Amino acid sequence: MRKLSARILIIVASTLLSGCQAFTDQEPVALRGTGDLGLVIERASGSVLVIDHSEYQILGRVEGLGDLSHASVVYSRDARYGYVFGRDGGLTQVDLLTQTIANRVVQSGNSIGGAISQDGRYVAVSNYEPGGVNIFDSKTLEPVLTIPADFVSASGENAQSKTVGLVDAPGNQFVFSLFDAGEIWTVDMIPSPPEVTRFPAGKQPYDALITPDGRYYIAGLFGEDGLSMMDLWQQDKTVQRILPDYGKGEQRLPVYKMPHLEGWAIADGHAFVPAVGRHEVLVARLDDWHMVQRIPVHGQPVFVMASPDNRQIWVSFAHPDNDVVQVIDSQTREVIRNLEPGKSVLHMEFTPRGEEVWVSSRDSNRITVYSTRTLEAVATLPAQKPSGIFFSSRAHALGL
């Protein structure tokens, strides 16, 4: 009996020890978490870097992701897989632990971002060509639902619209805008089949965001002043116009690059908004969306981002002023520092608790890491024409 018990213990111990090492294709994978990992888009080479933002390390490069000239990333619930949306219609599932492509499909001719559902089961992709939204199973990338963005044009013909501003929303919903149709659509993934509902939005919505609490979906309008806001908490989800002084119709300068609405800052009860065609950041109250201030800045802002503690607003700019990043104090609403990370700053990403921010400089082929306390650079990393920086903490946030 003693020999049998000892043998059982050896088997159990061996089983437990073998569980301490993960395997993929019979290759050992180091045992580690993914909470401090992320992906950096290398737009010119169709590759991504897998990085560790705790150690300032590049863990690997994954190639073969196609056209990444306008790419974004969302993450699986366990933060192991990043889903990369390429401009060529490619949807690529990247394994952060093995630094390999786990799965890839080319689902359209031209796509413009995507989202993952609240429960993590579905990945949705927004398309320019042929238009519409395609939804996939997040584990297999098998198609689940195709939503053509059908509408009737001004000439009375049936047409397909470009779709933009696709986000995930509470209640396992997706929300997106139709640029050509001037509409906002919601997709409820809980019923079978999913339910699609249409709402009027305004002329040519070009991008959108969802507020961090998941309540408001806000679409920018290229064809007229103001923005369209949908209150997702309301039963009828009515759309109203806000910030009537914001928009293309008021521009005083050529618009070199439209601002990214996903980069809006929500801090201290206010929204900090990039002004289209102006060297300004606009400040509006969240309770009634009334404009209260215009902050003069270095150039035409593209990203206006709040640090996780909401104490700072970091601003990047369009060409030709895109070699500078400015930091605004959210309480005084004054610029407190001008930074020069490198040539052609394209993106910024805060670490999850906000002690640092990573900044990509495309034409300097590097990433610069800044301390948000001292506003000094603490590290630099080489990268090939870097653009978007996406940390795995996005797996646990709405609309990212």
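Coordinate-derived values only; no laboratory data. Predicted, not measured: the structure shown is a model, and the values here were computed from it. Cβ coordinates were reconstructed from backbone atoms using ideal geometry, including for glycine residues, and neighbour counts include every protein chain displayed.
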Excluding residues on the same chain fewer than 8 positions from residue 203, give the aspartates and glutamates whose Cα lies under 13 Å from its Cα. 180, 183, 224, 225
Surrounding net charge for residue 36, when Lys and Arg each add one and Asp and Glu each subtract one, Cβ distance under 14 Å: -1
Computed over the Cα atoms of segment 273-400, what is the ratio Rg over Rh, Rh following Kirkwood? 0.96
Report the calculated FRET efficiency for residue 336 and residue 378 (r = Cβ-Cβ distance, R0 = 22 Å), to the nearest 0.05. 0.75
Once semi-axes √(5λ) of the Cα gyration tensor in Å is worked out from the coordinates, which option in (i) 40, 27, 20; (ii) 45, 24, 19; (iii) 37, 28, 20 does it equal? (iii)
The summed charge of the residue 172 Cβ neighbourhood (under 10 Å; Lys/Arg +1, Asp/Glu -1) stands at -2
Any idea what the relative contact order of the chain is, in percent, if you count C-alpha pairs under 8 Å spaced at least 6 apart? 11
Suppose only helical runs count, i.e. DSSP H with n ≥ 4. What mean residue ellipticity at 222 nm does that imply for the chain under -39500 (n - 2.57) per run, divided by all residues and rounded to the nearest 500 deg cm²/dmol? -1500 deg cm²/dmol
Charges on Cβ only, +1 for Lys and Arg, -1 for Asp and Glu, centred on the Cα centroid of segment 108-260; of 220, 149, 200, which one is farthest towards the dipole's positive end? 220
Spin-label point model (7 Å from Cα, Cβ direction): what's the residue 196 to residue 140 distance in nm? 2.3
Angle check, please: helix 2-18 long axis (alpha carbons) against the longest principal axis of the chain (alpha carbons), in degrees 0 to 90, nearest 10. 30
Could you compute the FRET efficiency for residue 240 and residue 100, with r as their C-beta to C-beta distance and R0 at 41 Å, rounded to 0.05? 0.30
